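Taken together, the values in this text are just the output of simple stated rules run on the coordinates, not laboratory data. The shown structure was predicted, so the numbers you read here are calculated from the model rather than taken from an experiment. Backbone-built Cβ (ideal geometry, glycine too); neighbour counts: all protein chains shown.
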Amino acid sequence: MKKIPLLLLLFLLPVVACRKDFEQVNTNPFNPSQTSMEALFNGVVSSLPLGWNEQFYLHNETLYDLTQQGALIARAWPNIRIGVDEVWESYYSALRNIRALEDRFDQYPGAPEEMDNVRAMLKILLAYKTFKVTDLFGDIPFSEAGKGNQGLDLLRPKYDRQEDIYRSLLADLQWAVEHIHLEVNTPAGKPYYSFRQFDTFLKSDLTRWKRFANSLRLRHAMRMAEKDPEFAGQIIEDIFGKNQPIVQAGQEVCLWPRDMGIVFEGHHWAFREHKGLRMGTTIWHQMAVHDSIDGSGIIDPRAYVFFETNNKDEWRAFPNEPGINPPQEGGVPYNGGRDFNFNVKGNACKFSPFHYYLIRDEFDVPEVLMTAAEGHFIKAEAYKRGIGLPQDDFSADAEYAEGIKASIKFWYSVVNKTQRWVEAPTTPTDGQIYQYIYHPAVSFSGNGFKLEYIYAQRWIDQFRQPWEAYALARRTGMTPREGAPLTYNRFPYPATESEYNNVNWAAQTARMGSDVKEVKVWWMK
């Protein structure tokens, strides 16, 4: 460092001191005047889109391979730390906003019930984000996290058990469902506080917020059913037995970039720079009944949405278990030059890539948080296993069929909404959809009401939610798969935890045995 002249240093010191004192006197750290509640809420919503490095390193390099929803032509980017760091930082940055909003709600000068709707919305966002992170890592800092402004001892938060986090979030979601009010005013005649146009996510549609909350309750109740089937069953029974609203067809919970005024540039970037994903044999054999390169074996209409042909207009799947001498594959199927010449995929593109327009469109292809199909598949599993509902194979079959139908219709609605898609596949009719549902290779009743058929269809529906497919694969061990069973059970904590939260990190890793991928998260068998 260059030396600062003594005279200049003496001049600067009082200026800095005065500024520091002025800020301390005029700033309330628990109610910063420069940030509105609406701005804080928007900050939380803005943390929902997937990070670029999250997509590159965690999804494209790791999760698509682990779930076998795709196939890697080479494992060229083994370092996942960049993606892990981004997920961790995004969550805890948002959590600081969430804690600040919780403080604002508590300090609101009106009656507490006036904040019910916005408090419920915040609890739902907190639950969605926290479930996603804890399902990737297991135990995480939660109850003390994001509260550093409340005391120095909270700057390094303890780790909470995943089981405790689950039960806390499920209680929060139940509170949210019970405290979302569709009326304008409270019983005392005061208006409920509303974010109105500041809610770019669900547009302050409180019915949709309630549906999202109930669907999250279902998702995570079923996820913990292997460890506490009675508790999970109570939630499932509460929702289905009382016919509570869940996400329905045509109102899937997604981040629609054009509607939200954002651009999803990271989708194309992650595929263009990574280059290594292709349609794998595992998903191909779920979507086609034979390997004819002309596509005549395709029975699942979603195949035309998720994938496309190679450079010779052939349907070829890359092996998910390629062995010691894997096929050579290359080309440029995700290169931006295809905007101007769609058919140019490079001579070395010998295997079917993910569909270019599904990952290229930045304005109209959404990021999916919850589909209506998922609710049907959860209900089908509940009927099949007798969790929260009476065991009933035929009711399970009906929900299975509705789930497939909802999934196909949703994915074709994405195609039809996408302005960029060239030569879009023809939307199947209801008759064609039912022809697929009752095909001998797909029919639930025709194949002995086997549970793995439900899991396979849910896994296909979650094609662009590989983190959710990863959870399904770990929980059930019954999603479509080639080769050895899945043993990659969690992601390691970011290195920053060992550096800046060392005492709590060390206690946590000692409790787990080691911070490695083989350690199972709580809800796994």
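Can you compute log10 of I(q)/I(0) for the range 271-426 with the Debye formula, treating each Cα as one identical point scatterer, at q = 0.08, 0.13, 0.20, 0.21 Å⁻¹? Each listed q corresponds, in turn, to -0.29, -0.71, -1.27, -1.33.
How far apart, in nm, are the 7 Å Cα→Cβ label points at residue 93 and residue 168? Modelled inter-label distance: 2.3 nm. Fewest-first ordering of 143, 443, 407 by other beta carbons within 10 Å of each residue's beta carbon gives 143, 443, 407. If a paramagnetic tag sat 7 Å from the Cα of residue 76 along the Cα-Cβ line, which residues of the range 260-296 would have the backbone N under 12 Å from that point? Within reach of a label on residue 76, which here means backbone N under 12 Å from a point 7 Å along Cα→Cβ, the range 260-296 contributes 271-277. Placing pseudo-labels 7 Å out from each Cα toward the beta carbon at residue 178 and residue 293 gives an inter-label distance of 6.3 nm. Rg of the Cα atoms in the range 134-277, relative to 2.2 N^0.38 Å, amounts to 1.31.
For the range 63-156, the share of alpha carbon pairs falling in successive 10 Å distance bins from zero is 13, 35, 28, 15, 8, 2 percent.
What nm value, rounded to one decimal, do you get for the distance between residue 185 and residue 445 when each label is placed 7 Å out toward the C-beta? Simple spin-label model gives 5.3 nm for this pair. Stretching the chain fully between residue 392 and residue 259 yields a gain of 43.8 nm (0.36 nm per residue, less the alpha carbon separation).
Taking the fewest neighbouring Cβ atoms within 10 Å as the starting point, the ordered list for 153, 393, 135 is 153, 393, 135. Placing R0 at 35 angstrom, the Cβ-Cβ distance between residue 335 and residue 503 gives a FRET efficiency of 0.15 after rounding to 0.05. Using the charge dipole of the range 210-362 (Lys, Arg: +1 at Cβ; Asp, Glu: -1 at Cβ; taken about the Cα centre), state which of 266, 244, 224 has its Cα farthest towards the positive end. With unit charges placed on the Cβ atoms, the residue in question is 266.
The 3J(HN,Hα) values that the Karplus relation (6.51, -1.76, 1.60; θ = phi - 60°) gives for the range 449-456 are, in residue order, 6, 7, 4, 5, 5, 5, 5, 5 Hz. Gly and Pro appear as x. A convex hull fitted around the alpha carbon atoms of the chain yields 190 Å³ per residue.
Computing FRET efficiency as 1/(1 + (r/R0)^6) for residue 39 and residue 487, where r is the C-beta to C-beta distance and R0 is 51 Å, gives about 0.70.
One way to sum up the overall shape of the range 220-284 is the equivalent ellipsoid from its Cα gyration tensor, whose semi-axes run 35, 21, 11 Å, largest first. The mean sequence separation of alpha-carbon pairs under 8 Å and at least six residues apart, normalised by the residue count of the chain, gives a relative contact order of 17 percent.
The alpha-carbon of residue 409 sits under 25 angstrom from the alpha-carbons of these lysines, leaving out residues fewer than 8 places away in its chain: 203, 210, 379, 384, 417, 450. Cβ-to-Cβ counts within 10 Å put 520, 275 in ascending order as 520, 275, the fewest first. Across the range 187-193, rounded Karplus estimates of 3J(HN,Hα) from the backbone phi angles (6.51 cos²θ - 1.76 cosθ + 1.60, θ = phi - 60°) give x, 7, x, 8, x, 5, 5 Hz, Gly and Pro being marked x. Pairs of Cα atoms nearer than 8 Å and 6+ residues apart set the relative contact order; for the range 105-206 it is 35 percent.
Each residue of the range 439-447 was assigned a 3J(HN,Hα) from its phi angle through the Karplus expression (A = 6.51, B = -1.76, C = 1.60, θ = phi - 60°), giving 5, x, 7, 10, 3, 5, 5, x, 10 Hz with x at Gly and Pro.
Would you compute, from DSSP H runs of 4+ residues alone, the mean residue ellipticity of the chain at 222 nm, taking -39500 (n - 2.57) per run and dividing by the full residue count, rounded to the nearest 500? The per-residue figure over the chain is -14500 deg cm²/dmol. The packing ranking of peptides 118-128, 87-97, highest mean first, is 118-128, 87-97, where packing means the average number of other beta carbon atoms within 10 angstrom of each residue.
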